Structure formats: structure tokens, C-alpha cells
Amino acid sequence: MTHAELAREVDARCRLRGEFLLRSGRTATEYFDKYRFEADPVLLDALAERMAALVPPGTQVLAGLEMGGIAVVTALGRHTGLPCAFVRKTAKAYGTARLAEGAEVAGRQVLVVEDVVTSGGQIAISTRQLRELGAAIDSALCVIDRQEGGAAALAADGITLHALLTRSDLDAARG
């Protein structure tokens with residue numbers, strides 16, 4: 001599947017129209033329902049296969065953010081062979097009481113993986129928390145960058161955002 005075909009498939013399956021409240025607090029008239037590609041094993045695998053080429057050299061751990069980034073990071077790990085960490089929004093208060101489950105992040109080069117980026121807020125928060133745990137993080141990777149300021153906001157925190165697809169790609173795919 002070419003990049004354009006992949007963009008067309010994601011756009012057709014995931015772009016919804018209506019009124020949607022975003023995590024950032026903003027209201028949007030379009031929404032990319034990431035669960036529609038995350039729940040489709042064939043489409044998710046095709047996305048992860050393409051994303052593998054975007055993983056920066058030297059990456060030692062892939063860290064998927066709760067909740068959507070978990071499916072993406074698992075599929076991506078299959079294509080890269082890299083271990084995965086599953087990052088909660090807040091550390092659980094019982095059992096291991098860990099923020100990041102799975103692969104150890106302390107002292108390792110970690111790539112934060114997310115599904116859709118709008119403001120970059122959750123990536124910034126999670127990156128700060130992971131850095132406090134000793135992770136070295138300078139990049140994040142997402143399936144879709146809505147191109148609404150997330151990349152610039154993350155750059156201010158020393159994080160380079162890599163995106164498989166952008167809103168421009170999805171718009172172009174619509175013909």
C-alpha cells in the first residue's frame with residue numbers, strides 16, 4: 001500500500017464530521033477516530049510497518065501512551081523488534097505503583113509513541129514524567145499529526161515530532 005493509499009484508507013475510515021470536544025479543551029468540527037484504525041488489525045499493521053522507518057536510530061524502547069498509543073506501540077514493536085513500555089496517565093496506586101509498565105525506561109533512549117497529536121499536551125506531560133524516571137527522550141512518533149500546533153509545542157520541550165500522516169496528507173487523500 002502506498003503512502004497515498006494508506007492516507008486515503010485512514011481518512012475514509014477515521015474522519016468524522018460533527019462537533020467534538022478535544023482533550024485540549026477546544027471544539028472541532030472534524031475528528032479523527034483513532035479507534036477505527038487501532039481496532040482493525042490489518043490497517044494497524046500496515047500503519048506500524050510504515051512507522052517503523054520513522055523510528056530514530058539509537059532508540060532502545062518504544063513507549064506507548066495510554067490508551068491509544070498502546071495498540072500502536074505494540075504493533076510497532078512487532079515491526080522494529082524493540083521492547084515496549086506502556087505509559088499510564090498517572091501511576092497506579094496499587095501493585096507495582098508504576099507509571100510505565102513493561103520495558104524499563106531508566107537510562108535508555110526512549111521514543112514516545114502516540115496515535116493522534118493535536119496540542120501535544122499529553123506527550124509533553126508523559127515525557128516529563130518519563131524523564132523524571134531517567135529516560136532519555138528527544139523524539140515522539142504519531143500516526144496522525146492534526147497540524148494544530150503540537151509539533152511546535154513539543155519542540156519547545158526539546159521533543160521532535162515525527163508523524164506518519166498529517167492533516168495535509170489526509171486532506172490530499174480526499175482528492
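Reported count of residues in the range 154-175, each being small (Gly, Ala, Ser), over 13 Å from the mean Cα position of the chain (by Cα) and open to solvent by less than 50 Å² (accessible area, probe 1.4 Å), is 2.
Any chance you could count how many residues in the range 42-98 are within 12 Å of the chain's Cα centre (by Cα), at pLDDT below 95 and open to solvent by 40 Å² or more (accessible area, probe 1.4 Å)? Result for the range 42-98: 2. Cβ separations smaller than 8 Å between residues 6+ apart or across chains give the following pairs from the range 44-73 residues that are among the polar types (S, T, N, Q) to residues that are buried (at least 24 other Cβ atoms within 10 Å of the Cβ): Thr59/Val110; Thr59/Leu111; Gln60/Val110.
Note on the range 151-167: residues that are in a helix (DSSP H, G or I) and either at pLDDT 95 or above or β-branched (Val, Ile, Thr) (or both) amount to 6. Residues in the range 17-26 that are closer than 23 Å to Gly120 by Cβ, open to solvent by 90 Å² or more (accessible area, probe 1.4 Å) and over 15 Å from the mean Cα position of the chain (by Cα): Glu19, Leu21, Arg26. State all residues of the range 20-32 that are more than 17 Å from Asp169 (Cβ to Cβ) and among the charged types (D, E, K, R); if no residue qualifies, say none. Passing the criteria: Arg23, Arg26.
Among the residues making up the range 103-124, a single one is surrounded by fewer than 18 Cβ atoms within 10 Å (Cβ to Cβ) and modelled with pLDDT under 95: Gly121. Across the range 12-52, the number of residues qualifying as part of a helix (DSSP H, G or I) and over 19 Å from Ala71 (Cβ atoms) comes to 1.
Of Gly121, Gly95, Gly150, all but one fail to be under 22 Å from Ala52 (Cβ atoms) and small (Gly, Ala, Ser); the exception is Gly150. Considering only residues in the range 129-150 that are out of contact with any Ser or Thr (no Cβ under 6 Å at 6 or more places or on another chain) and assigned to a strand (DSSP E or B), the one that is most open to solvent (accessible area, probe 1.4 Å) turns out to be Asp138. All told, Thr2 meets the bar of being of a type in the set (Ser, Thr, Tyr), without any contact (Cβ under 8 Å) to a residue 12 or more places away in the chain and open to solvent by less than 80 Å² (accessible area, probe 1.4 Å).
The values are calculated or read from the model by the stated rules, or taken from the named source; none is laboratory data. Computed from a prediction, not measured in an experiment: that's the story for all the values here. Here Cβ is always computed from backbone atoms with ideal geometry, including for glycine, and neighbour counts include all displayed protein chains. What goes into the accessible areas is simple: the full protein's heavy atoms, side chains included, and nothing from ligands, DNA or RNA. Shrake-Rupley method; radii C 1.70, N 1.55, O 1.52, S 1.80 Å.
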